[in-house]
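Just below is one structure, and these are the notes that go with it.
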């Protein structure tokens with residue numbers, strides 16, 4: 001597997017009137033070619049900021065890289081001048097935003113918007129670009145693309161607009177596609193169509209996808225690997241099966257338990273108590289400790305390092321330290337672990353295989 | 001027989017009636033909600049679920065049909081005081097906790113607005129005590145009363161919205177997508193709060209949403225809407241175990257579950273209204289295929305579904 005993107009020890013702060021907000025506090029991950037990495041976490045966990053810093057879309061006046069690097073094709077994106085960055089944005093790395101209602105320009109025809117990155121990054125004639133744009137629109141499933149090419153965004157439905165945004169993002173066959181909650185604003189049926197489209201396209205052009213979402217159902221559907229973020233850090237990272245069937249971090253347990261399951265009838269839904277930490281004053285130890293019933297004394301004092309669970313699975317929780325007491329995860333999590341070979345609750349017969 | 005609190009009979013809500021741009025947002029729907037239960041209404045955007053909620057609480061005047069609340073027609077002209085009394089009994093929680101709170105009012109005044117309108121507090125002290133009590137009921141505390149909405153997170157704002165709805169001691173609450181704008185972990189908190197309040201105060205809910213897994217969790221019965229029509233209605237468990245209408249099946253098959261192994265094999269069944277192939281002579285109407293389980297279907301489909309249902313059960 002070739003690593004296409006490496007994020008190393010990334011730290012980023014925003015300068016606000018209230019003081020320095022440490023939005024990202026040491027993030028490490030690699031993105032492999034052709035894979036989909038999902039980043040999950042709640043609002044304010046730093047998932048969007050991480051990807052926006054890869055694209056360098058954060059205002060330079062108020063944000064500052066404190067430490068670390070983002071390596072892409074041997075270049076450190078955190079240090080690249082803006083002009084160089086413009087050559088990468090929309091060509092090698094492109095982005096799909098959450099709200100298809102606002103990410104298209106209402107005064108431009110959709111054809112023009114799809115053509116824009118082609119004309120900017122490739123030396124082609126307008127006629128050729130137009131042809132490519134129509135092909136792209138047809139590929140993402142806009143019926144009658146030749147005629148609809150001249151229409152404006154308001155003449156399309158939400159799902160269709162998101163398809164157009166995807167076509168624009170794909171215009172230059174990017175190596176990395178960053179999708180920031182691309183289906184959150186859409187209905188379940190339309191969401192399913194867009195997810196199918198993205199998976200389909202990934203197979204066709206072999207691009208890597210970073211998928212940001214807080215919907216664990218969507219993660220289970222699209223991701224190869226998952227990174228769970230909390231309080232500006234990645235707290236657990238692993239393959240999709242490892243995260244869903246053998247989670248180690250109490251925050252991941254909480255996230256998985258707070259989704260109502262379709263089969264079981266729980267009396268009360270598990271809810272993670274409290275609210276996310278204030279990153280103006282980041283907690284000293286484990287950021288999740290204050291909301292966690294599994295917190296140890298050391299969680300209040302020192303941030304946990306990453307403990308290796310398997311070759312691909314890491315979690316930052318003191319519970320994995322050899323000296324930590326054995327704790328019992330919530331019942332719903334044990335239920336999941338029973339089906340995962342390699343977990344301590346695995347039952348060869350109990351699994352659904 | 002269950003105690004019916006709200007009855008919707010052949011409700012129609014057309015916008016731009018008679019013009020070429022006529023929109024039939026609600027096209028002849030009927031259902032009833034019993035006292036103390038939660039009725040879930042699901043469907044995709046534009047299917048008329050929010051319009052239904054808004055017509056029930058009289059934010060719109062219905063084109064046709066009746067909404068009976070405690071036996072009284074909501075749409076009838078009433079005296080001012082009767083109207084006021086009705087407004088007190090029925091309250092609404094809105095989708096967007098950012099847009100539904102006035103940014104220039106303190107939380108104290110936002111919550112107390114209903115108390116003032118209905119004259120429920122006799123003195124300033126009583127007003128204050130009530131607001132503080134409400135804040136504590138929804139899991140906030142007394143210091144929050146003197147703050148403005150922008151000082152709160154989305155989940156906290158939704159709690160303020162709930163406190164405001166509770167301030168006038170309503171019997172019936174319409175919750176229009178109250179959790180769609182919130183994070184997963186916060187969604188669970190708000191849903192638990194709504195359930196607790198229901199048990200404590202015997203509230204009745206109309207819960208409108210497109211997130212089917214949450215709806216199933218909170219509702220006793222669920223109605224599925226498609227293009228202004230109710231296509232299926234059944235107890236929550238029954239609807240998920242035995243969906244009968246093709247649209248319900250398609251909707252259920254589209255939900256991604258937090259289970260990668262299941263996701264790898266999940267097959268989505270798209271819905272095409274043409275598949276019904278209703279002929280000219282078919283009467284398509286809402287029929288009971290099993291106790292409490294209604295489906296919009298033709299005579300032929302009715303027989304088929306009844307057979308299929310007995311097999312499944």
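Bear in mind these aren't lab numbers, they're just calculated from the coordinates by the rules spelled out. No experiment lies behind these values; they were computed from the predicted model shown. A quick note on method: Cβ atoms are made from the backbone with ideal geometry, for glycine too, and the neighbour counts reach across all protein chains shown.
Would you tell me the mean number of C-beta atoms belonging to other protein chains that fall within 10 Å of each C-beta in A:215-225, as a whole number?
Working: counts 4, 6, 10, 3, 4, 10, 10, 3, 2, 1, 0.
For peptide A:215-225, the averaged partner shielding equals 5.
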Hull surface divided by four, with the convex hull built on the Cα atoms of the protein assembly as shown: how many nm²?
-> 33.8 nm²
In the stretch B:184-313, if every C-alpha pair distance is counted and binned at 10 Å from zero, what percent goes to each bin?
-> 11, 36, 33, 16, 4, 0
Please report, in Å, the Rg and the Dmax of the stretch A:209-249, where both are computed over Cα atoms only.
-> 9.7, 25
Two-decimal Rg to Rh for the stretch B:1-147 - Kirkwood Rh, Cα set = 1.03
Averaged over A:183-192, number of beta-carbon atoms from partner chains that fall within 10 Å = 6
The protein assembly as shown - mean residue ellipticity at 222 nm from DSSP helices (-39,500 (n - 2.57) per run, n ≥ 4, rounded to 500) = -9500 deg cm²/dmol
Alpha-carbon radius of gyration plus Dmax, which is the widest Cα pair, for chain B in Å = 20.9, 67
Binned Cα-Cα distances of the stretch B:213-276, short to long, each 5 Å bin given as a whole percent | 3, 16, 25, 25, 18, 9, 3, 0
Pair-distance profile P(r), taking every C-alpha pair of chain A, with 20 angstrom steps and integer % | 28, 55, 17, 0
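Once the Cα gyration tensor of the stretch B:81-126 is diagonalised, what are the square roots of 5 times its eigenvalues, in whole Å and ordered largest first, as equivalent ellipsoid semi-axes?
Details: eigenvalues 85, 59, 10 Å².
The answer is 21, 17, 7 Å, longest axis first.
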If one puts a single equal scatterer on every Cα of the stretch B:21-92 and applies the Debye formula without solvent, what log₁₀ I(q)/I(0) results at q = 0.11, 0.14, 0.16, 0.19 Å⁻¹?
-> -0.30, -0.49, -0.63, -0.88
For helix B:184-201, what angle does its Cα long axis make with the longest principal axis of chain B, in degrees from 0 to 90 and rounded to 10?
-> 80 degrees
Expressed as cubic angstrom per residue, what is the convex hull volume of the alpha carbon set of the stretch A:155-257?
-> 115 Å³
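Roughly how large, in nm² to one decimal, is the mean projection of the convex hull of the alpha-carbon atoms in the stretch B:60-214? Could the numbers behind the result be given before it?
Working: hull surface 40.9 nm².
Mean projected area of the Cα convex hull: 10.2 nm².
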Out of all DSSP beta bridges with both ends in the protein assembly as shown, state the antiparallel percent to the nearest 5.
-> 60 percent
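Taking a ≥ b ≥ c as the square roots of the Cα gyration tensor eigenvalues, with a/c under 1.5 meaning rounded and otherwise prolate when a/b beats b/c, else oblate, which class fits the stretch B:127-209?
Working: a/c = 1.85, a/b = 1.12, b/c = 1.64.
Oblate, because a/c is 1.5 or more while a/b does not exceed b/c.
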Helix A:110-121: inclination vs chain A longest Cα principal axis, degrees, rounded to 10, gives 80 degrees
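Quick one: pull the percentage of alpha-carbon pairs in the stretch A:1-113 with a separation above 16 Å. Each step should come with its number before you reach the end.
On the way: 4160 of 6328 pairs.
Of all Cα-Cα distances in the stretch A:1-113, 66 percent exceed 16 Å.
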Alpha-carbon radius of gyration plus Dmax, which is the widest Cα pair, for the stretch A:127-175 in Å = 10.3, 31
Checking B:168, B:295, B:284 against a Gaussian network model of chain B (alpha-carbon springs below 10 Å), the top fluctuating residue turns out to be B:284
Which whole number in µm²/s is D for the stretch A:37-193 by Stokes-Einstein, with the Kirkwood Rh taken over Cα pairs at 4 °C and 1.567 mPa s?
-> 77 µm²/s
According to the Cα gyration tensor, what semi-axes, each the square root of 5 times an eigenvalue, does the equivalent ellipsoid of the stretch A:289-351 have, listed from largest to smallest in whole Å?
-> 24, 14, 9
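So for chain A: antiparallel DSSP bridges make up what percent, rounded to the nearest 5?
Numbers: 31 of 50 bridges.
Percentage antiparallel, nearest 5: 60.
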